[in-house]
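Please treat every number below as a calculation from the coordinates, not as lab data. As the structure is a computational prediction, the values presented were derived from the model and not from experiment. When we count neighbours, we look across all protein chains shown, and the Cβ atoms used for this are built from the backbone with ideal geometry, even at glycine.
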């Protein structure tokens, strides 16, 4: 069976509903073939896959930590300063923990981390795979008996998921703790009061939502980027076009997915409170 590389990929930014369904189907087929090939390919061991996954985690996760730290510090400190000032005027400073968890942890962290990963690693993956198609390196892997999807796609998806999860946790820690330390120079809130407010704001479902949003964001980003990189047929001029499509679609899919999860979570809260 000739895998996803032999499928007829549709091109163009303006897609009809049928084109979107076809793309979604092809992406799911690519994921299935990647997982199946990884465990059935006898030409490469788990050590080879582990090295590729480790390299992806190093590039996507470790090297992105400085920029994520800067963004998290800015978001956390500015949000704490603005919200604490406004809440003090209204006499509701104990609500700062709820606002931090509800806005920063649940919403901003997954989105901002995903955007950073798309900008740094998504573009690199799409252009790398596109250039591999142009230089016929993928055909060379097939000649050597190495399944391209098990060597190229699966390790990048797995490494991307692990990296996004770690970066999102790192973002939350820096935003919540580092942001408070930075903003402590301009407001008088005690650290114990702040930590207690955060502890009371954390819900039992936050861990599940955190894992769901960030793991699927990582999978979406690297699956879409690998898919668009594989769309390149043979011309170097197609590589930047495929990279642009990968960035636009990754961000669109991630934002849509996060919105749907947020809507379902708050719908569940409304049902539990008896409002609906």
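Observations, loosely collected:
- Residue separation of residue 62 and residue 206 scaled by 0.36 nm, minus their Cα-Cα distance, works out to 49.4 nm of gained length.
- Taken over the Cα atoms of the chain, the convex hull encloses 158 Å³ per residue.
- The chain: angle of helix 206-230 to the longest principal axis, Cα-based, in degrees nearest 10: 30
- Across 136, 120, 245, mean-square fluctuation computed from a Gaussian network of the chain (C-alpha pairs under 10 Å connected) peaks at 136.
- For segment 135-276, the square roots of the Cα gyration tensor eigenvalues, ordered a ≥ b ≥ c, give a/c of at least 1.5 with a/b greater than b/c, which places it in the prolate category.
- Gyration tensor (alpha-carbon) shape descriptor, segment 181-233, a/c threshold 1.5: oblate
- Summed over qualifying helices (DSSP H, 4 residues or more, each -39500 (n - 2.57)) and divided by its residue number, the chain shows a 222 nm mean residue ellipticity of -23000 deg cm²/dmol.
- FRET E, pair residue 263, residue 120, Förster distance 22 Å, beta-carbon r, rounded to 0.05: 0.15
- C-alpha long axis of helix 17-40 to longest principal axis of the chain, angle in °: 80
- Summarising the overall dimensions of segment 60-211 from its C-alpha atoms, the Rg and Dmax are 20.4, 70 angstrom.
- Placing R0 at 41 angstrom, the Cβ-Cβ distance between residue 188 and residue 111 gives a FRET efficiency of 0.85 after rounding to 0.05.
- Pair residue 233, residue 35: separation of 7 Å Cα→Cβ label points (nm): 3.2
- Helix axis angle, 46-57 relative to the chain longest principal axis, alpha carbon, degrees: 50
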